[in-house]
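One structure below.
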Amino acid sequence: MKLVQVNKAVADNTSQQLNVTGIDTDDTYFIVMENIKPTVTQAMYGRVLKGGTQDSSANMDYAFKNLKAYSSFSDTYFNNGSKVAFGTVGAEDNRGLNGVLALYNFNNSSEYSTIQQKTHQLISGTSFYGQVGGNTHTVSSALNGFSIYANFGTTNLATGTLILYN
């Protein structure tokens, strides 16, 4: 199987979010996140897109293992959230959110959609941090994309690329 690029969004310091759409089959899709960095250090989040619009309803459950180079590993889990959590991302050079998301059942309106998450970032100095886990959108509905944004909603994304593959 060969992956084909469906869509791509590139941060240019003028947008508060990156959106990729184009999910229109029942295949598994993948999102690659490359060096996504806010203009100021803060938490980064993602949301599923319905009709190209962020779904902010409280229908996201997630659980993942926090892999920390500077501390003990830990678990994070949450039910009925409105977003996917990626952790704090530093705004300085050589810091940025990177990872791969596998998207399952996004186009299927009869099933819950799920996301397998593998991400990592350098928060500061030697504070390397990663996450491995999953997310479930607990509503049976068709989704057509994914969005990533910085916590405060008024902070632009300085750099980064979000690429959707099928």
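The values are calculated or read from the model by the stated rules, or taken from the named source; none is laboratory data. Note that this is a predicted model, so its numbers are computed, not measured. All Cβ positions, even for glycine, are placed from backbone atoms using ideal geometry, and neighbour counts span all protein chains on display. Protein only, heavy atoms only, side chains kept; ligands, DNA and RNA dropped before computing areas. Shrake-Rupley method; radii C 1.70, N 1.55, O 1.52, S 1.80 Å.
If you roll a 1.4 Å probe over the chain with all protein chains in place, what percent of the accessible area is carbon or sulfur?
Values: 3620 of 7690 Å².
Carbon with sulfur: 47 percent of the solvent-accessible area.
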Violating pairs (Cα-Cα greater than 19 angstrom) within the set K50/K83; K8/K50; K2/K37: K2/K37
Set of aspartates and glutamates near K65 by C-alpha distance (under 12 Å), chain-local residues within fewer than 8 positions excluded: D75
Cβ charges +1 (Lys, Arg) and -1 (Asp, Glu), total dipole of the chain, debye: 240 debye
Among 19-31, 65-77, the order from most to least packed when residues are scored by Cβ within 10 Å on average: 19-31, 65-77
The chain - accessible surface per residue (Å², probe 1.4 Å): 46 Å²
Fully extended contour minus Cα-Cα distance, from F128 to D12, at 0.36 nm per residue: 39.3 nm
Two-decimal log10 I(q)/I(0) for region 30-166, as the Debye equation yields it once each C-alpha is a single scatterer, q = 0.13 Å⁻¹: -0.52
